[in-house]
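I have placed the structure first, in the form of structure tokens, so that the comments after it can refer back to it.
The values are calculated or read from the model by the stated rules, or taken from the named source; none is laboratory data. As the structure is a computational prediction, the values presented were derived from the model and not from experiment. Cβ sites come from the backbone with ideal geometry, for glycine too, and all protein chains shown count toward neighbours.
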Amino acid sequence: MTGIIRACARDRLYILLIIFMVFLNIAASAPVGSKRDVKSKKAAIGTGSAAKISDEGIPAKQRKIEKLFRENRPLAAVFSLSALLAVFLLLLGIAIDAILLSMRISGNVPDIKTHAVQPVRWGLRDVAKVAILFLFFGYMAILIESGLARQFPVLKNNNFRMVLNSSLLDILTIVFIFYFTVGQYGEKLIALGISFKNFAKNLFYGIVGYIALLPILFFLLLMTAAISNLFGYIPPKQPVVELFLKEESARFLLYTGLFAAIVGPIIEELFFRGFMYNALKKYIGILGSMLVTAAIFALLHANVAGFLPIMAIGLLLVYMYEKTGTLVSSITVHIAHNLGMVILLFLVKQVGV
């Protein structure tokens, strides 16, 4: 009991931040307007959705796309080449999986380790502190932007605010992680998996690893789609997907695309694999830490329908880090996946689906 009291006294700042965010959530979730208004809004939304489905069904969309491809030959060529590339990578992934399986059966698995992942000094309490600080500054950013929206009308643009907040919070996350690892515990950067030793090899391992994952991802996506269709579940679009499909500013889309494809993966690998995984491994070992970090990664990135595919990606990411000892291979996998998704969204946007 005395130990708990001491821990609470030592971390009272973070406890106060949690209490502040809880009260803020309670205030924000307070009902506004009457139940009748809410019901009427839901009815209006439902009516609009039904009308949209009835007016523009799947056959109509197919005809629209076919007409667009007939009128825009370059766009049709890009889609055809993209489809051929996807099929090629899928077949290549199956071949790589077969080779890796035969190597494992024969016991001839290559050693791809660059550094041995050593125990670290920071722990789960430090991970919790970074998460609390991240959430707190996220709330503060929303409050400050709401107060400045009248003076700066651009802050009324939800897409702009989402990208601005993501950029600021990612920078703060790097600062927090370095403070608790390098600053507080005196750890070297390699403890976080930051190393450029054998960079080209780790880059290659990451590319091969992602291609090998593609058949598994394809199977999980098909299975998820079948189950969702069976239960009539239509997964909601992610906010970033809505942003790409609705935003018209080319510069804004370019920045968002680069951020989502390159900057985001680097920050996430630093937090999930370099920081959180190493802390968890001290308590529940390698396998347990792999499963937990991959599950948390999936929960924070996807809805119910996307959980299994993102979980599979998370497992590959942490596996690549554990096997190589650096974040280069896992960052490569993450960038390859996000870049593919960004390109796909740009192509879908051109079609206007």
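Scanning segment 241-272 for residues that are under 20 Å from A128 (Cα atoms) and touching a Lys or Arg at 6+ places or on another chain (Cβ under 8 Å) yields a total of 0. When residues of segment 312-335 are filtered for being of a type in the set (A, V, I, L, M, F, W, C), in a helix (DSSP H, G or I), surrounded by 19 or more Cβ atoms within 10 Å (Cβ to Cβ) and touching a residue at least 60 places away in the same chain (Cβ under 8 Å), how many remain? Residues in segment 312-335 being of a type in the set (A, V, I, L, M, F, W, C), in a helix (DSSP H, G or I), surrounded by 19 or more Cβ atoms within 10 Å (Cβ to Cβ) and touching a residue at least 60 places away in the same chain (Cβ under 8 Å): 7 in total.
Of the candidates I142, I174, the single residue that is surrounded by fewer than 17 Cβ atoms within 10 Å (Cβ to Cβ), over 17 Å from the mean Cα position of the chain (by Cα) and part of a helix (DSSP H, G or I) is I142. Entry remark, segment 304-327: residues being in contact with a Lys or Arg (Cβ under 9 Å, 6 or more places away or on another chain) and farther than 18 Å from P215 by Cβ number 8 in total. The residues of segment 94-122 that are in contact (Cβ under 8 Å) with a residue 12 or more places away in the chain and among the acidic types (D, E) amount to a single one, D97.
Considering the conditions (1) within 21 Å of L280 (Cα to Cα); (2) not in a helix (DSSP H, G or I), R150 is excluded by exactly one of them, (1).
The test for being in a helix (DSSP H, G or I) and touching a residue at least 40 places away in the same chain (Cβ under 8 Å) holds for R125. Across segment 100-120, which residue is farthest from the chain's Cα centre (by Cα) among those that are surrounded by 12 or more Cβ atoms within 10 Å (Cβ to Cβ) and outside any loop (DSSP other than H, G, I, E, B)? Taking the candidates together, the pick is M103.
For L291, the conditions (1) among the aliphatic types (A, V, I, L, M); (2) in a helix (DSSP H, G or I); (3) touching a residue at least 40 places away in the same chain (Cβ under 8 Å) are fulfilled apart from (3).
Yes/no per residue for (1) in contact with a Ser or Thr (Cβ under 7 Å, 6 or more places away or on another chain); (2) under 21 Å from D170 (Cα atoms); (3) of a type in the set (A, V, I, L, M, F, W, C):
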{"site": "G93", "(1), (2), (3)": "no, no, no"}
{"site": "S102", "(1), (2), (3)": "no, no, no"}
{"site": "I105", "(1), (2), (3)": "no, no, yes"}
{"site": "V109", "(1), (2), (3)": "no, no, yes"}
{"site": "L124", "(1), (2), (3)": "no, yes, yes"}
{"site": "L133", "(1), (2), (3)": "no, yes, yes"}
{"site": "G138", "(1), (2), (3)": "no, yes, no"}
{"site": "A141", "(1), (2), (3)": "no, yes, yes"}
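Counting only residues that are within 14 Å of Y255 (Cα to Cα) and of a type outside the set (A, V, I, L, M, F, W, C), which one in segment 159-180 is modelled with the lowest pLDDT? Here the answer is N159. Against the test of being under 21 Å from G206 (Cβ atoms) and either part of a helix (DSSP H, G or I) or not acidic (D, E) (or both), the options G285, G274 yield a single qualifying residue, G274. The set of residues in segment 226-240 that are at pLDDT below 80 and either over 13 Å from V163 (Cα atoms) or of a type in the set (A, V, I, L, M, F, W, C) (or both) comprises P235, P236, K237, Q238, V240. Here N72 meets the list (1) in contact with a helix residue (DSSP H, G or I) (Cβ under 7 Å, 6 or more places away or on another chain); (2) at pLDDT below 90; (3) surrounded by 12 or more Cβ atoms within 10 Å (Cβ to Cβ) almost entirely, failing just condition (1).
Here L254 fits the description: out of contact with any helix residue (DSSP H, G or I) (no Cβ under 8 Å at 6 or more places or on another chain), free of Cβ contacts under 8 Å to residues at least 60 places away in the same chain and assigned to a helix (DSSP H, G or I).
Only a single item in (1) surrounded by 15 or more Cβ atoms within 10 Å (Cβ to Cβ); (2) at pLDDT 90 or above; (3) assigned to a helix (DSSP H, G or I); (4) of a type outside the set (A, V, I, L, M, F, W, C) is not met by Q184, and it is number (1). The test for being farther than 30 Å from A27 by Cβ, surrounded by 14 or more Cβ atoms within 10 Å (Cβ to Cβ) and of a type outside the set (S, T, N, Q) holds for G123.
Across segment 187-228, the number of residues qualifying as of a type outside the set (A, V, I, L, M) and not in a loop (DSSP other than H, G, I, E, B) comes to 13.
With respect to the conditions (1) of a type outside the set (S, T, Y); (2) surrounded by 15 or more Cβ atoms within 10 Å (Cβ to Cβ); (3) free of Cβ contacts under 8 Å to residues at least 12 places away in the same chain, F152 lacks only one, and its number is (2).
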